[in-house]
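Heads up: the structure comes next, in structure tokens.
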Amino acid sequence: MSDFFHAVTLDESQCKGCINCIKRCPTEAIRVRNGKTHIIAQRCIDCGECIRVCPHHAKKPIYDPLSVLDRFSYKIALPAPALYGQFHNLDDIDIILNALRLLGFDEVFEVSKAAELVSDCTRRMMKEGRLKKPVISSACPAVIRMIRVRFPNLIENILPLKAPAELAAQLSKQAAHERTGIPLEEIGAVFISPCAAKVTSMKNPLGCETSSIDAVVSISEVYPKLLSLMKEVADKPEPLSSAGVIGVSWGSSGGEASATLNQDYLAADGIENVIRVLEDLEDEKFTELEFIELNACAGGCVGGVLTVENPYVAKARLKRLRKYLPIACNHIGDSVPEDYGFDLPIEYSPILKLDPNFIVAFQKMSELQRIAKSLPGLDCGSCGAPSCKALAEDVVRGHAKVDDCIFRLREHMHTLVDEISRLEGYIPPPFRK
């Protein structure tokens, strides 16, 4: 498996070489070279921000087609809570769950059900003092990858529990295997995802060696197919839902944090806001907080690039849906199950290091700072890098030249013109009058 699988890709035929994406990438993973965008795989965290801002639709998400169901003998749908917020005038979650069965799934296991279990585990672990505070949610894979790349000192604050989608796949497959006798390899847990980052978390998981999720389809592809099927079951849907307010609330920003039943929490959404919170957290400005929920997408998961509805409209719909639900339907036993936690530790990803040798890296950093000071500091992006500092880093790494800066090039051209003018006015001594 590739260390750098990404669910965000580039369609070069659509790319116009504009700089909209390079200015919005939170890890400076994008460059424009030779008139086309280039994504630096090691830096990309699959937040999907470039997909959102590309006016030419050159950035595209990768996900599985619905035909992936044909690969499995027994299919389990794992709907994200964000799915419920996509439908107008929905007052019964069971309508969606029954429609998913008509779509070709043998069983539906709500991710919101697993979310309630994660919330219960979080409360228990915080009460027992087993977590470093403030605890940072591990639900958003883009945020976790951001921390690995840019904020390694905060890794130990990450909640060491599997994300609800991963836990839902694990629990549903094991239960289906025990109930039906079908081999685990023939059971497919298919996550209906709101974002591309969760596709990457299946292919290249963090916190566990392999993912229990077998395929990821997008909400945007499932949505139109569900609309007609929901009409068939709207009158008398079979009761399938087994999650309450806490689980459904995970679909929008603040839902997970409020489920800790603790007032000392912070919830931020949108990648730029997330970065500001992480920077302040690294500077130890949040000494009294107990829990921090961070979502790369605006509005939370309802704002993912694989959704169809305005995130704030979807968030309002989830809020309305919660009126008809109990507080929570799922709880752990006397202790936190071991298999709910990470199998592997989250480790720092040193992709920003200039060189593995400390002395060489220090020398390159000094050179980087010298070059950066010589640049105009306008961060215009005309060189194909998102900032002057990024261009200086590219120069030090051997991927660019200082004269890629059009302002530096202009200075050189002016100097050259002045020199040519001086030479043109020069008359050799034998010809002087």
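The values are calculated or read from the model by the stated rules, or taken from the named source; none is laboratory data. Just so you know, these numbers come straight off a predicted model, no measurement behind them. Please note: Cβ atoms are built from the backbone with ideal geometry, for glycine as well, and neighbour counts cover all protein chains shown.
Comparison of Ala139, Ala114 shows that the only residue that is buried (at least 20 other Cβ atoms within 10 Å of the Cβ), assigned to a helix (DSSP H, G or I), within 25 Å of the chain's Cα centre (by Cα) and of a type in the set (A, V, I, L, M, F, W, C) is Ala114. Please work out which residue is surrounded by the most Cβ atoms within 10 Å (Cβ to Cβ), limiting yourself to segment 279-301 and to residues that are part of a helix (DSSP H, G or I) and within 19 Å of the chain's Cα centre (by Cα). It comes out as Cys301.
Restricting attention to segment 242-272, the residues that are surrounded by fewer than 16 Cβ atoms within 10 Å (Cβ to Cβ) and within 23 Å of the chain's Cα centre (by Cα) total 1.
Counting just the residues of segment 231-278 that are part of a helix (DSSP H, G or I) and without any contact (Cβ under 8 Å) to a residue 40 or more places away in the chain, which one comes out nearest to Val111 (Cα to Cα)?
So the first thing to find is which residues in segment 231-278 are part of a helix (DSSP H, G or I), and the list is 231-233, 245-249, 255-258, 271-278.
Keeping just the survivors that are without any contact (Cβ under 8 Å) to a residue 40 or more places away in the chain gives 231, 258, 273, 276-277.
Numbers: Lys231: 23, Ser258: 17, Asn273: 26, Arg276: 29, Val277: 27 Å.
Filtering segment 231-278 for residues that are part of a helix (DSSP H, G or I) and without any contact (Cβ under 8 Å) to a residue 40 or more places away in the chain, the one nearest to Val111 (Cα to Cα) comes out as Ser258.
Search segment 339-397 for residues being of a type in the set (Gly, Ala, Ser), out of contact with any strand residue (DSSP E or B) (no Cβ under 7 Å at 6 or more places or on another chain) and under 21 Å from Cys21 (Cβ atoms), and hand back the single one that is surrounded by the fewest Cβ atoms within 10 Å (Cβ to Cβ). Quick ask: steps written out before the conclusion?
To start, the set of residues in segment 339-397 that are of a type in the set (Gly, Ala, Ser) comprises 341, 349, 361, 366, 372, 374, 377, 381-382, 384-385, 387, 390, 392.
Okay, now just the ones that are also out of contact with any strand residue (DSSP E or B) (no Cβ under 7 Å at 6 or more places or on another chain), so 349, 361, 366, 372, 374, 377, 381-382, 387, 390, 392.
Among the residues that remain, those that are also under 21 Å from Cys21 (Cβ atoms) are: 381-382, 387, 390, 392.
On the way: Gly381: 20, Ser382: 14, Ser387: 19, Ala390: 21, Ala392: 23.
My answer is Ser382.
Inside segment 199-216, can you point out the residues that are under 16 Å from Leu306 (Cα atoms) and in contact with a strand residue (DSSP E or B) (Cβ under 6 Å, 6 or more places away or on another chain)? Within segment 199-216, Val199, Met202, Ala215, Val216 meet the criteria. You will find that of Ile51, Ile96, Ile22, Ile30, the residue that is of a type in the set (Val, Ile, Thr) and in the same structural domain as Gly251 (by TED's automatic domain parsing) is Ile96 and no other. All conditions in (1) over 22 Å from the mean Cα position of the chain (by Cα); (2) under 18 Å from Ile346 (Cα atoms); (3) touching a residue at least 40 places away in the same chain (Cβ under 8 Å) hold for Cys121, with the sole exception of (2). Assigned to a loop (DSSP other than H, G, I, E, B) and either under 30 Å from Arg123 (Cβ atoms) or modelled with pLDDT under 95 (or both), is that true of Ile351? The answer is yes for Ile351. Residue pairs whose Cβ atoms lie under 6 Å apart, sitting 6 or more positions apart in sequence or on different chains, and linking a residue in segment 73-100 that is more than 21 Å from His177 (Cα to Cα) to a partner that is charged (D, E, K, R) and surrounded by fewer than 24 Cβ atoms within 10 Å (Cβ to Cβ), are Gly85/Arg317; Gln86/Glu309; Asn98/Glu238.
Return the residues of segment 157-216 that are out of contact with any Phe, Trp or Tyr (no Cβ under 9 Å at 6 or more places or on another chain), assigned to a loop (DSSP other than H, G, I, E, B) and not β-branched (Val, Ile, Thr); say none if nothing qualifies. Answer for segment 157-216, where residues must be out of contact with any Phe, Trp or Tyr (no Cβ under 9 Å at 6 or more places or on another chain), assigned to a loop (DSSP other than H, G, I, E, B) and not β-branched (Val, Ile, Thr): Ala163, Gly181, Pro183, Pro194, Cys195, Pro205, Glu209, Ser211, Ser212.
Assess whether Gln86 counts as being more than 21 Å from Pro239 (Cβ to Cβ), polar (S, T, N, Q) and crowded, with 17+ Cβ neighbours inside 10 Å.
Details: more than 21 Å from Pro239 (Cβ to Cβ): yes; polar (S, T, N, Q): yes; crowded, with 17+ Cβ neighbours inside 10 Å: yes.
Spelling it out, Gln86 is indeed more than 21 Å from Pro239 (Cβ to Cβ), polar (S, T, N, Q) and crowded, with 17+ Cβ neighbours inside 10 Å.
Conditions tested, residue by residue: (1) over 12 Å from Val135 (Cα atoms); (2) in the same structural domain as Thr122 (by TED's automatic domain parsing); (3) of a type in the set (Ser, Thr, Tyr).
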{"residue": "Tyr265", "(1), (2), (3)": "no, yes, yes"}
{"residue": "Asp283", "(1), (2), (3)": "yes, yes, no"}
{"residue": "Phe291", "(1), (2), (3)": "no, yes, no"}
{"residue": "Leu294", "(1), (2), (3)": "no, yes, no"}
{"residue": "Gly300", "(1), (2), (3)": "yes, yes, no"}
{"residue": "Pro311", "(1), (2), (3)": "yes, yes, no"}
